[in-house]
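Bear in mind that the values in this text are calculations on the coordinates, not laboratory data. Since this is a predicted model, take the numbers as computed values, not measurements. Every residue, glycine as well, gets a Cβ built from its backbone with ideal geometry; the counts of neighbours run over all protein chains shown.
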Amino acid sequence: MLQYLTDALKARTDFSAWQVMKAVKRSHQLFLIHEETESVRRVDTVKYYVTVHQKREDGGGRGPSTGVLGESSFVFLEGDDIAPKLDLAAEMASRVSNQPWLLPGPDQRFMGAEIKDNSIVANPDKVIEKVKEEILHTVGGLDGVRLSSSELFADYTEYELVNSLGLKVSSADTDMLFDFVLLTGEGHGEVESSGFKTCRFYKDLHVGETLRKYAQYARDSLTAALPENGKADVVFADEALDTLFNSFIAHAGGSSAYQGWSRFEKDRPVIDAPEGELLTMFSNPQLPGMMRSGAFDDSGLARKRVEVIRENIFKKRTLDKRYSDYLGQEATGAFANVEVEAGAKKMDELLSEGTYLLLRFSTFEPNPVTGNFSGEIRTGYRIEGGKRIPIKGGSVSGVIQDAFRRAWFSSEKVTRSAYRGPAGIKLLGLDLAGE
């Protein structure tokens with residue numbers, strides 16, 4: 001089928017370039033309602049992701065490029081008729097006028113990353129059954145907490161990418177998804193604690209540890225109070241780390257530079273007048289078992305580890321092939337896993353009297369342009385007398401570039417799905433709203 005598609009694309013004279021990504025996925029799935037199996041499924045899919053380019057000498061273009069580039073993408077399934085899909089793609093591309101850029105070619109050096117769990121490849125049913133046993137065993141021992149529902153996916157996907165410049169690359173990965181809801185309390189006082197975890201390897205799922213942690217969140221929520229209004233020092237940990245650096249990622253990328261709103265300039269500070277520890281951050285696609293690891297991106301570009309920020313100084317942009325061509329800078333691949341260097345203080349030192357430890361939010365997504373953030377607190381603690389007093393509700397807000405002026409990074413490190421770095425990051429003087 002891949003040959004059928006490439007032959008059809010080669011026969012078209014109205015496309016200047018094209019790419020096909022074949023993805024063959026095998027998904028084993030388990031669904032639990034309470035502690036009973038609702039269903040066990042296997043879902044197999046084969047999809048072809050096709051992208052076509054249509055270079056037109058219509059005038060326009062920017063910099064050294066001439067003309068404009070029309071682009072269109074579609075998904076092809078076995079059994080489809082390719083001719084009408086290509087006709088529609090050509091029509092859609094004719095209505096797009098982007099600055100031209102070139103697809104990646106075959107002359108690249110690919111750095112592998114270990115992202116395939118052989119136990120999932122060879123015996124997915126056994127892995128699913130083992131996780132089910134761990135779920136039931138753990139839930140059976142939880143004090144005052146019960147399982148409402150759970151979903152588990154163990155997927156294995158093989159990729160093959162080819163393009164009109166002669167590039168041929170392939171890879172394979174596994175990923176696991178564990179989604180669950182725990183309940184505690186009774187009647188109108190019943191509360192839930194939902195969790196969601198993704199990883200490449202079974203060993204990183206840590207079913208028992210994860211369920212026990214979220215069970216404690218559920219129990220603590222029964223007595224949790226609103227935070228106090230005012231300024232406070234905050235330590236971000238656990239789920240809060242997953243999106244904390246998204247504004248840095250946006251300003252380090254190619255889109256923000258091309259569109260003219262990136263604050264980052266090479267060899268210049270990313271945070272003005274810092275008073276705390278200095279941030280060092282990498283984009284790393286080579287970390288084993290992490291969700292944004294891989295040898296190449298969706299366009300077949302070889303991905304590289306990039307030192308983005310060194311002790312608060314911006315060093316290098318992360319650029320996919322499009323923005324590499326647009327900006328005339330080295331292509332590295334878009335931002336991969338966030339890797340942050342640890343600090344000097346232990347977590348216990350960061351959790352000083354009166355500090356808030358915030359772990360989970362309803363949503364927490366710093367604005368990529370302005371850096372403004374405001375998150376409704378789902379799980380947090382106030383440190384009082386050396387104890388953790390549960391809080392929930394209310395919000396924390398601030399501006400990333402101001403908050404990181406007084407930042408402290410724990411010496412302990414943690415690995416999450418796409419983040420490796422300090423287990424806790426303390427930002428001073430944020431705005432808390434609650435009582």
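What is the list of residues in the range 402-435 whose amide nitrogen lies under 13 Å from a point 7 angstrom out from the Cα of Glu275, following Cα to Cβ?
Backbone N within reach: 402-408, 427-430.
Please give the net charge around Arg420, taking every other residue with its beta carbon less than 9 angstrom from that of Arg420, where Lys and Arg add +1 and Asp and Glu add -1. Could the numbers behind the result be given before it?
On the way: positive: Lys413, Arg416; negative: Glu339.
Taking every Cβ under 9 Å from that of Arg420, the sum is +1.
If you place +1 on the Cβ of every Lys and Arg, -1 on the Cβ of every Asp and Glu, and leave all else neutral, what size is the dipole of the chain about its Cα centre, to the nearest 20 Debye? Display every interim value, and only then the final one.
Values: 54 positive and 64 negative charges, 221 e Å.
With Lys and Arg at +1 and Asp and Glu at -1, about 1060 debye.
Of Ile309, Ile389, how do they rank once you tally other Cβ atoms within 10 Å and put the fewest first? Before the final figure, lay out each step's value.
On the way: Ile309 24, Ile389 16.
The fewest-first ordering by Cβ neighbours comes to Ile389, Ile309.
Given a Förster distance of 30 Å, report the FRET efficiency between Arg212 and Asn123 from their Cβ-Cβ distance, rounded to the nearest 0.05.
Working: r = 26 Å, r/R0 = 0.88.
The computed FRET efficiency comes out at 0.70.
Taking 0.36 nm per residue of sequence separation and subtracting the Cα-Cα distance, how much length would be gained by fully extending the chain between Glu158 and Val40, in nm to one decimal? Mind dumping the intermediate values first?
Values: separation 118, 0.36 × 118 = 42.48 nm, distance 2.24 nm.
Answer, rounded to one decimal: 40.2 nm.
Please state the charge dipole magnitude for the range 10-152, taken about the Cα centre, from unit charges on C-beta atoms (+1 on K and R, -1 on D and E), reported in debye and rounded to the nearest 20. Could you put the intermediate results ahead of the total?
Details: 19 positive and 22 negative charges, 115 e Å.
Roughly 560 debye for the range 10-152.
Over the chain, with a Gaussian network built from C-alpha contacts below 10 Å, which listed residue (Ala17, Ala334, Ala250) shows the highest mean-square fluctuation?
Ala17
Running a GNM on the chain with Cα contacts under 10 Å, which residue among Gly254, Gly385, Gly294 ends up with the highest mean-square fluctuation?
Looking only at Gly254, Gly385, Gly294, the biggest GNM fluctuation is shown by Gly385.
Taking the inverse of the average 1/r across all pairs of different Cα atoms in the range 2-221, what Kirkwood radius in Å do you get? It would help to have the intermediate numbers written out before the result.
On the way: mean 1/r = 0.0478 Å⁻¹.
Evaluated over the range 2-221, this radius sits at 20.9 Å.
How big is the convex hull of the Cα atoms of the chain, per residue, in Å³? List each step's numbers first, then the result.
Numbers: hull volume 72.5 nm³, N = 435.
Here the figure is 167 Å³ per residue.
Grab the beta carbon distance between Ala172 and Lys413, set R0 = 35 Å, and tell me the FRET efficiency rounded to 0.05. Walk me through the numbers before you get to the answer.
Details: r = 28 Å, r/R0 = 0.81.
Here the calculated transfer efficiency is 0.80.
Identify which of Thr45, Thr243, Thr157 has the largest mean-square fluctuation in a Gaussian network model of the chain, with springs joining Cα atoms closer than 10 Å.
Largest GNM mean-square fluctuation: Thr45.
Counting other beta carbons within 10 Å of each residue's own, what order do Lys231, Lys345 fall into, fewest first?
Details: Lys231 11, Lys345 18.
Ordered by Cβ neighbours within 10 Å, fewest first: Lys231, Lys345.
So for the range 230-433, taking the charge dipole from beta-carbon charges (+1 Lys/Arg, -1 Asp/Glu), which of Gly375, Trp261, Met291 sits furthest toward the positive end?
About the Cα centre, the residue reaching furthest to the positive side is Met291.
Stick to Cα atoms and the Kirkwood definition of Rh, then tell me Rg/Rh for the range 230-433. The partial results should precede the final answer.
Details: Rg = 17.1 Å, Rh = 17.4 Å.
Rg divided by Rh gives 0.98.
Going toward the positive end of the dipole of the chain, with +1 on Lys and Arg Cβ and -1 on Asp and Glu Cβ, which of Met21, Phe31, Phe110 do you reach last?
Phe110
How much of the DSSP beta bridge set in the chain is antiparallel, as a percent to the nearest 5? Provide the component values of the computation, followed by the final result.
Details: 111 of 119 bridges.
Bridges in the chain that DSSP calls antiparallel: roughly 95 percent.
Calculate the radius of gyration of the Cα atoms of the range 139-263 to one decimal place, then report Dmax, the largest Cα-Cα distance, as a whole number, both in Å.
Calculated on Cα positions, Rg and Dmax stand at 21.1, 64 Å.
Given R₀ = 60 Å, what would the calculated FRET efficiency be for Lys231 paired with Asp7, taking r from the Cβ atoms and rounding to 0.05? Mind dumping the intermediate values first?
Values: r = 66 Å, r/R0 = 1.09.
It comes out at approximately 0.35.
If I model a spin label at Asn98 and Lys130 as a point 7 Å from the Cα along the Cα→Cβ vector, what separation in nanometres do I get?
Between Asn98 and Lys130, the simple spin-label model gives 4.2 nm.
At 222 nm, what value in deg cm²/dmol follows for the chain if DSSP H runs of at least 4 each add -39500 (n - 2.57) and the sum is divided by all its residues, to the nearest 500? It would help to have the intermediate numbers written out before the result.
Details: 10 runs with 86 residues, N = 435.
Rounded to the nearest 500, it is -5500 deg cm²/dmol.
Taking neighbour Cβ counts within 10 Å as the exposure measure, how do Phe153, Phe245, Phe404 sort from fewest upward?
Values: Phe153 18, Phe245 23, Phe404 26.
Ascending number of Cβ neighbours within 10 Å: Phe153, Phe245, Phe404.
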